[in-house]
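Here is the structure we will look at, set down as structure tokens.
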Amino acid sequence: MIERKERKPYWRHTKWQVLASLIPFLAIVMVLPLYADQLNANRFLGFPLGYFLAAHGFFVIAVVTVASYVNRQNAIDHWHGAHEDV
Amino acid sequence: MTFGARARVVNPRLGTYFSIFAALFTVLFLLVLIFEQLSFSEAMLQLGFFVGPILIYAGIGLSVGSNDTLNYFAAGRRVPAAYTGLLLAASAMGATLLVAGTGAFFFSGFDALVLMMGTLTGFVVMAITLAPFYRKFGAFTVPSYLGRRFESRALRIASAVVVAVPMLLVLAAELHMGAGVTGRLIASNPDLIVCVLALSVAITTAAGGKRSFTWAGVAQSIALFLALLGVATTVSVIVTNLPIPQLANGPIVRGLVRNEIHEGLQFIGTWPLAFELPGDGFAVLSKPYTQPFGAVGILAFGMGIFAIAAGISTAPWLLPRVAATPSVYEARKSLGWATVFSGLALLTVSAVAIFMRDFALDAVMSERLGPLPKWLYDAAAAHLVSFDQTATRLGFAGLQFDRDGVLFALPVATELPRAFFYLLLAGAIAAALVAAGATTVSLAAVLAEDVVQGMSWEPSRPETRVWIMRVFIGIVALCGAMVAIIAPTDPLRLVLWALSLTGASLFPVMILSVWWKRLTSTAAIAGVISGFGVGALAILISEVGAISVPSPIAGILGLPVSFALAIGLSLMRTETTRHTLEIVRDIRVPGGEIVYDREMQRLQLRKHGRT
């Protein structure tokens, strides 16, 4: 069980982690489609680059975002003693 | 009722059980393949592929029946992350994104990525901002969570009514789509098929509620992935010699880019707010595959991603799933798996669309080089394609594809044995069943827990709760079937409506309920109701044609209103009590007791104290 005085630092830490995970990801979501047309002039593995990044690239980015968040947030939980007992 | 750690131990034999199921499903496919070569009666094989899997799902659902509330409403809180993720991905996709999504990729190419980017963004947002906290709270339904979190019965009932609408829409869409798919497998009256599917969902889930749905749903998801990946990989090996359909189609895309324009497909420009994903029925190809923003305008693309993401991340038929994971850590991991599985499925779907584009291009180019390919006649006989069989020149304009038949045209176009065609159909039926099951169980839980027993916090006897929910599973399945029969609408459109309505009504309040302590219950009620009202109104007005925002994503216009009202009203009058503040503090820390269970025990103690 988390100590009382650890709650505030724990939540501050968590908030920073969430921002660090979400903001780059959401920025990519918004920016990637804008440049798809120009990127399509290039090729990668036969795919037009814009399409490849928006489909395969975006999938990889999403998985990496969640995986890194799960890993980091778990470390934060343990650091502040906020993790579950099970 | 005990909530000890022992009750939450994960069953170590799960892997064995589901390997057995996967083996059974494969054996069914191989048997059909063999019997087909022995020229067995085709109708028998089709019936076998329809009835066999459904009997297995029902068997699984019935065999894990239970009368314990924790089992019935949260699958015993012992579903490991990977299984939860598989279920989340499959129930978010459903038959609609699988079948109509393939069609959307086929017709719109790049623009259909709005579906994929929206779904993936939704899962990422859910993983980071909602799922772990919802799991720590541990409520069985979203309205229960909101009601307990803000200690407001009015909010509980209001949100129950609001979330029922999108869930019913999704249920109707899935049953409609499922019936359409089943109609290709067995010739029967479509209304009858809708009823059979609804009945099968009810039988599968009634015995053990969420527990039955979980394990039958995992089997259905495995069937979906086996069918989709199996057929796509086979086709990929035949066409490109590589067994990775998602990546190996690059050279084909290059061929499409080079030849489609040459064969008469023009780049088309649309205005930024257009959202023209293909509708139900037959259509001709109109834009080159990789051209961005030819069917969906750039603004609508961004709005669409946002609407789908907001809807997926707070979907009341997806979010309660994470309450069934054994721990907060597992809840986070399960969303990672959901991202992996849904991304994999949607990439495969896009690969299927690309292979089909290539076959269509071949057909268009072929009559200069020789006669039309044989598969076109087979596909036309199966009502997947229509073209003028007497015409001398078959351009892109003369070749029409059924949006909901593109996926199933793939094995026909590759001239694989019919068994592959049946396998894909069985996979799509499984997808319809898993999404229909998810909505049925969640909607029944909302109606039973939050509407019928919503006036009182004190839980009734466990058997009463379970039996009320069991009755509602039947009622919900019946209502879903009725809506699907009376108002058959394009399922893709229905699902997009449902997602944008959910995003508008629930997303702001759900996010704020975790991340902003000062949100008050009055503001939350106003947020939920106004978001829903404005969203529904926007959809109606857009259907009439009075505003230029396209109706599939118009619902999201309610979201800013909901945010503004929730924040504004909270700032005007602060009324958070000590107890709610304590609840928020507890939600934010993974360790410690599950909030919902603690609250329920407290209420029961109070009840005993009174009597």
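Since every read-out is calculated from the coordinates, none of them should be taken as a lab result. Treat the numbers as computed from the prediction; the structure is a model and nothing was measured. Ideal geometry is used to build each Cβ from the backbone, glycine not excepted, and the neighbour counts take in all protein chains shown.
For region B:527-611, state which GluC sites (Glu not before Pro) are in a DSSP loop and have at most 14 other beta carbons lying within 10 Å of their beta carbon.
On the way: sites: B:Glu543, B:Glu575, B:Glu582, B:Glu593, B:Glu599; in loops: B:Glu575, B:Glu593.
Those satisfying the criteria are B:Glu575, B:Glu593.
Classify the protein assembly as shown as rounded, prolate or oblate from the Cα gyration tensor: take a ≥ b ≥ c as the square roots of its eigenvalues, call it rounded if a/c is under 1.5, otherwise prolate when a/b beats b/c and oblate if not. Prolate is the answer for the protein assembly as shown, as a/c is 1.5 or above and a/b outweighs b/c. Once both labels are positioned 7 Å from their Cα atoms along Cα-to-Cβ, the gap between B:His579 and B:Val51 label points is 5.6 nm.
Distance check, please: which entries in A:Lys5/B:Lys517; B:Lys333/B:Lys517; B:Lys210/B:Lys517; A:Lys15/B:Lys607; A:Lys5/B:Lys136; A:Lys8/B:Lys607 exceed 28 angstrom between their Cα atoms? All intermediate terms of the calculation are to be shown ahead of the outcome.
Details: A:Lys5/B:Lys517 18 Å; B:Lys333/B:Lys517 26 Å; B:Lys210/B:Lys517 31 Å; A:Lys15/B:Lys607 39 Å; A:Lys5/B:Lys136 20 Å; A:Lys8/B:Lys607 35 Å.
Long pairs (Cα-Cα over 28 Å): B:Lys210/B:Lys517; A:Lys15/B:Lys607; A:Lys8/B:Lys607.
Taking every C-alpha pair closer than 8 Å and separated by at least 6 residues, the mean separation divided by the residue count of region A:4-79 gives a relative contact order of 36 percent. In terms of its C-alpha gyration tensor, region B:1-115 comes out oblate, because a/c is 1.5 or above while a/b does not outweigh b/c.
Taking 0.36 nm per residue of sequence separation and subtracting the Cα-Cα distance, how much length would be gained by fully extending the chain between B:Glu263 and B:Val471, in nm to one decimal? All intermediate terms of the calculation are to be shown ahead of the outcome.
Numbers: separation 208, 0.36 × 208 = 74.88 nm, distance 5.78 nm.
Contour length minus Cα-Cα distance gives 69.1 nm.
Exposure proxy ranking for B:Val595, A:Val64, B:Val544, based on other Cβ atoms within 10 angstrom of each Cβ and starting from the fewest, stands as B:Val544, A:Val64, B:Val595.
Please give the FRET efficiency for B:Tyr377 paired with A:Asn42, using the beta carbon to beta carbon distance and R0 = 35 Å, rounded to the nearest 0.05. Kindly include the intermediate steps, with their values, before the conclusion.
Values: r = 40 Å, r/R0 = 1.13.
Computed FRET efficiency for B:Tyr377 and A:Asn42 comes out at 0.30.
Sort the following peptides by mean Cβ neighbour count (other Cβ atoms within 10 Å, averaged over residues), highest first: B:288-297, B:560-569, B:79-88. Before the final figure, lay out the partial values.
Values: B:288-297: 23.9, B:560-569: 18.9, B:79-88: 25.5.
Going by the mean number of other Cβ atoms within 10 Å, highest first, we get B:79-88, B:288-297, B:560-569.
Report, in degrees rounded to the nearest 10, the 0 to 90 angle that the Cα long axis of helix B:113-125 makes with the longest principal axis of chain B. Tilt of helix B:113-125: around 20 degrees.
Remark: chain A projects, on average over all directions, an area of 6.9 nm² (convex hull of Cα atoms).
Averaged over peptide B:342-355, how many Cβ atoms belonging to another chain are found within 10 Å of each residue's Cβ? Don't skip to the answer; put the middle values down first.
On the way: counts 2, 7, 2, 0, 2, 4, 0, 0, 3, 1, 0, 0, 2, 0.
If you average over the peptide's residues, the count of other-chain Cβ atoms is 2.
Assign one of three labels to region B:505-611, namely rounded, prolate or oblate, based on the Cα gyration tensor with a ≥ b ≥ c the square roots of its eigenvalues; rounded applies when a/c is under 1.5, prolate when it is not and a/b is larger than b/c, and oblate otherwise. Since a/c reaches 1.5 and a/b is larger than b/c, the shape of region B:505-611 is classed as prolate. Per-residue ellipticity at 222 nm computed for chain A from its helices equals -23500 deg cm²/dmol, with DSSP H segments shorter than 4 residues left out and the rest contributing -39,500 (n - 2.57).
Considering Cα pairs under 8 angstrom that are at least six residues apart, work out the relative contact order of chain B and quote it in whole percent. All intermediate terms of the calculation are to be shown ahead of the outcome.
Details: 1116 pairs, mean separation 163.2, N = 611.
It comes to 27 percent, rounded to a whole number.
Sorted ascending by nearby beta carbons within 10 Å, beginning with the fewest, B:His608, B:His176 become B:His608, B:His176. Our helix-only sum for chain B, with -39,500 (n - 2.57) per DSSP H run of n ≥ 4 divided by its residues, gives a mean residue ellipticity at 222 nm of -23500 deg cm²/dmol. What percent does the relative contact order of region B:232-322 come to when contacts are Cα pairs within less than 8 Å and at least six residues apart? Over region B:232-322, the number comes to 22 percent.
What is the fewest-to-most order of B:Lys136, B:Lys210, B:Lys607 by other Cβ atoms lying within 10 Å of their Cβ? Numbers along the way, then the final one.
Values: B:Lys136 24, B:Lys210 29, B:Lys607 13.
Ranked by crowding around the Cβ, least crowded first: B:Lys607, B:Lys136, B:Lys210.
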